[in-house]
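Heads up, the thing below is written out as structure tokens.
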Amino acid sequence: MALYLLFESASGYALFHAYGIDEIGQSVDAVRSSVLDLKRFSKAVKLAGFTPFSSAIDALNQCNAISEGIMTDELRNFLELNLPKVKEGKKAKFSVGVMEPKVGSHITEATGIPCQSNEYVQELLRAVRLHFDQFIDQLKPSDLEKAQLGLGHSYSRAKVKFNVNRVDNMVIQAIFLLDTLDKDVNSFSMRVREWYGWHFPELVKIVNDNYLYAKLAKFVTNKSDLSEKDIPALADLIGDEDKAKEIVEAAKASMGQDLSPVDLINVQQFAQRVMNLSEYRKNLYEYLMTKMNDIAPNLTSLIGEMVGARLISHAGSLSNLSKCPASTLQILGAEKALFRALKTRGNTPKYGLIFHSSFIGRASTKNKGRMARYLANKCSIASRIDCYSDVSSSIFGEKLREQVEERLDFYDKGVAPRKNLDVMKAAIEGMTNTASEEGKENGDTSAKKSKKKKSRAEADGDAMDLDKPVNTAAAEAEPGTEKKKKKKKNKLEEPQDQEMAANGDEETPKKKKKKSRDASADDEPKTATEGKKKKKKSKTEADD
């Protein structure tokens, strides 16, 4: 049985006839050994047909179809043109070797051409790919490399297309940076306390907040310069006048050592750096909140921004988190404890990152495991809605949060919660109501736009109408002027053409007055008779 090889290159489709198989050998090892030798391989494989792609867009479409296992019309026409024809009712005496089994199955289903894809065919196609530029004379290796590079970039760009507002990678980076900043700000704040504590040790006991301590270290600088006139400024910084007075009194009786101006300047600069880091940390937290509301609004409204971001970062992405079952999501972040428990045959952990949620802390000790299991179930639902829904809304997350609150009340007070079916129906109704309201708003805006267009059109129509009365008035004024011309005919001695026009126009208003009651359908005969009368009068005037 003859073997044909279908090769999909970046520049077009190629079909090779492997007629000298016996010279290479039937085994995969023999093919591998003979791949590098072009002379030996060219004796066994011959180019049967080649069709280039018409454009880069066409190449991308063909590449997408091949990757999805679909045979395009161009590929079908190419195969039917270059393969031997098979008579009806008879089996084909050849087969086509393809790299992708899905494409081969689709070709067999659509055209009946037998296809195969095994290790032997793949080794032959690998050899074809290696020596492809040698089989086609007009194709240069540099052109093939450019085509491969361009197709690879366009294919990757098409596959990586995403919504910019729903990039979960930004959330992962933000939560990692937030954790790092927390550690850095804490360590730097302790360094500021220790460094400035040599000069003003009593300030540590008065002010506990790290950010306020750095502010005061920058403001006070030298404790000996503090006086009662600085109390209002200190009160503005701290927000408490009593503490400001206490700081001034402590500075007067401080036991700390004096520092040189250079040392105080360095402490002041380091305190400013700590303040900048703290402010950046606040801005980064606000950024994380907005991104989480855009990417996973339901998960955020259910469990919070921080815990939701930690779950997404630990899973790797929102899609990975949505694929996790509720049992995996429950212990996400406690993998070490899980494997240690499996190894020692102890109790497995009940919760991982979910433990940081306020629901677990509010539950009683005996109900923490139940609450973690229930919360993981709802988080799994919320993550799947956020990942696969086209409409970004937090209605489902709010309803799921209500369910968790009802479950807490059920564990504490015994109040029966609502059924999940009723809650989901209410959420769907809320979604439809919001969608209808948005549609009404869009309809109102479109109606306003249409009204504006109508008003503009009416204004244009009014302008046109203002032009029309002038023309009609001029038309009505014509008979009067023509009568005056008739009266002054002897005096002015106008040409005969003007007299003909005057006489013709005089008769038309008279007939219109007589036949004003007739239907508009009778207007055509009038024009015909008027034309005849004009011809007769013109003849008589010419005779005169």
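The values are calculated or read from the model by the stated rules, or taken from the named source; none is laboratory data. Note that the structure is predicted; figures quoted are calculated from it, not measured. Cβ sites come from the backbone with ideal geometry, for glycine too, and all protein chains shown count toward neighbours. The protein model used for the area step is the full one, side chains on, heavy atoms only, and it has no ligands, DNA or RNA in it. Shrake-Rupley method; radii C 1.70, N 1.55, O 1.52, S 1.80 Å.
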Filter the stretch 336-364 for residues that are without any contact (Cβ under 8 Å) to a residue 12 or more places away in the chain, at negative phi and of a type outside the set (Gly, Ala, Ser) and give the result. LYS336, LEU338, PHE339, ARG340, LEU342, LYS343, THR344, ASN347
Name the residues in the stretch 387-404 that are assigned to a helix (DSSP H, G or I) and open to solvent by 80 Å² or more (accessible area, probe 1.4 Å), would you? TYR388, GLU398, ARG401
Condition broken by HIS199, with the remaining ones in (1) assigned to a helix (DSSP H, G or I); (2) out of contact with any Lys or Arg (no Cβ under 6 Å at 6 or more places or on another chain) satisfied: (1)
Looking only at the stretch 71-104, count every residue that is over 22 Å from ARG129 (Cβ atoms) and not acidic (Asp, Glu) and tell me the total. 12
If TYR213 satisfies every condition in (1) of a type in the set (Ser, Thr, Tyr); (2) over 49 Å from the mean Cα position of the chain (by Cα); (3) at pLDDT 90 or above but one, which is the exception? (2)
Any chance the stretch 193-206 includes a residue that's free of Cβ contacts under 8 Å to residues at least 12 places away in the same chain and either touching a Gly at 6+ places or on another chain (Cβ under 7 Å) or surrounded by 19 or more Cβ atoms within 10 Å (Cβ to Cβ) (or both)? yes
Do you know which of the residues in the stretch 348-363 that are polar (S, T, N, Q) and open to solvent by 40 Å² or more (accessible area, probe 1.4 Å) is nearest to ARG401 (Cα to Cα)? SER358
Can SER450 be described as of a type outside the set (A, V, I, L, M, F, W, C), at pLDDT below 90 and farther than 17 Å from ASN293 by Cα? yes
The residue from ARG126, ARG157 that alone is modelled with pLDDT of 85 or more and either within 21 Å of ASP58 (Cα to Cα) or surrounded by fewer than 16 Cβ atoms within 10 Å (Cβ to Cβ) (or both) is ARG126
Just to check your reading of the model, which residue among ARG384, ARG407 is over 26 Å from the mean Cα position of the chain (by Cα) and either in a helix (DSSP H, G or I) or charged (D, E, K, R) (or both)? ARG407
Note on LEU15: of the conditions (1) at pLDDT 90 or above; (2) crowded, with 17+ Cβ neighbours inside 10 Å; (3) farther than 13 Å from LEU124 by Cα, unmet is (3)
Could you identify the single residue in ALA309, ALA296, ALA334 that is over 18 Å from ALA372 (Cα atoms) and hydrophobic (A, V, I, L, M, F, W, C)? ALA296
Out of (1) part of a helix (DSSP H, G or I); (2) free of Cβ contacts under 8 Å to residues at least 24 places away in the same chain, the one SER154 does not meet is (2)
Which of (1) open to solvent by less than 30 Å² (accessible area, probe 1.4 Å); (2) more than 30 Å from LYS39 (Cα to Cα) does HIS131 not meet, given it meets every other one? (2)
So which helices (runs of 4 or more DSSP H) stay within the stretch 242-353 end to end and still have 3 or more residues that are within 30 Å of ARG193 (Cα to Cα)? 261-295
